[in-house]
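Visitor: Below you'll find the structure I mean.
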Amino acid sequence: MKQLGTHHGGAWKVAYADFVTAMMALFMVLWLTSQDESLKRDLAKYFQDPYNTPMDNSMGVIESPTEGQPSSANGQAKGKAEISDFKVLYEMAQEFMRLLNIDSANPDQKPVDLDVTSDGLRVTLYDRDAHPFFVENSADYTPWGSFVIETLAWLVQRHNFMVRVDGYVSEGFEGDGWEYTAWELSSDRANSTRRLLERYGVRRGQFKSVTSHGNMEPLPFMHPTAEANDRVSISLVLSEVFNILDERASEGNPPVAPTQ
């Protein structure tokens, strides 16, 4: 005989509610353990005396602007400026490559590589047989290499970049015993690059660093003896007073490539 009005399986609702509560507690524990020490201390003070502990801006998950911090409008303006900077950097890269007038059917054999970075441009000069930048096994620039550095100096002057120079040598360099090794050659090439940039107008105060790497940092996926590892990397870093909208036409004309 059936009984009417009885309940069927209500216990699962209680179990589910307990499960959800446990998950929320686990989430809170994980969130708290991932916070920095200052927030943990503030929370501890709050729960010890919740009515007298002031809650500052650092207690929230989403930071609210305080005095001295930029507003959302300023942040948007900064974001637009950064986008504009990158746009101009790409234009500079295209202009630089156009001035060099490099024609290489094989992209792996190109003598110059140019990348837009988070803080400016990075120019890598590969000392290849087809377009040698240096006299063999020396730090003396060839006429072609000197022209590239002159063009680069024109770009640095035009846009007020700071400069970092890094010299690298392939593992195949034998040198002159222990007295002149890959360390000396990479150092000489980096400093030769700095001196040539200064000769073409870059101010001494614009250099952030000049570094020798010897043969210790071959390119990724390249054999240590590959000629591409004979290279100089020149990083053009945006300065704090960088103005992308300066009158570029007033900075003079770019250098002219030497006749081959």
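Visitor: Find all pairs meeting these conditions: Cβ atoms under 7 angstrom apart; at least six residues apart or on different chains; first residue within the stretch 198-213 and closer than 17 Å to Leu152 by Cα and free of Cβ contacts under 8 Å to residues at least 24 places away in the same chain; second residue assigned to a loop (DSSP other than H, G, I, E, B) and among the basic types (Lys, Arg).
Guide: From the stretch 198-213, no pairs qualify.
Visitor: Can we say Thr151 is of a type in the set (Ser, Thr, Tyr), modelled with pLDDT under 95, more than 19 Å from Leu121 (Cβ to Cβ) and assigned by TED's automatic domain parsing to the domain that holds Gln94?
Guide: Details: of a type in the set (Ser, Thr, Tyr): yes; modelled with pLDDT under 95: yes; more than 19 Å from Leu121 (Cβ to Cβ): no; assigned by TED's automatic domain parsing to the domain that holds Gln94: yes.
Here the answer is no, as Thr151 does not meet what is asked.
Visitor: Taking interchain pairs and intrachain pairs at least six residues apart, which have beta carbon atoms under 7 angstrom, with the first residue in the stretch 113-133 and more than 16 Å from His159 (Cα to Cα) and without any contact (Cβ under 8 Å) to a residue 40 or more places away in the chain and the second surrounded by fewer than 19 Cβ atoms within 10 Å (Cβ to Cβ) and among the charged types (D, E, K, R)?
Guide: Asp115/Arg122
The values are calculated or read from the model by the stated rules, or taken from the named source; none is laboratory data. The structure presented is a predicted model; accordingly, all values stated were derived computationally and were not measured. Note: ideal-geometry Cβ built from the backbone for every residue, glycine included; neighbour counts use all protein chains shown.
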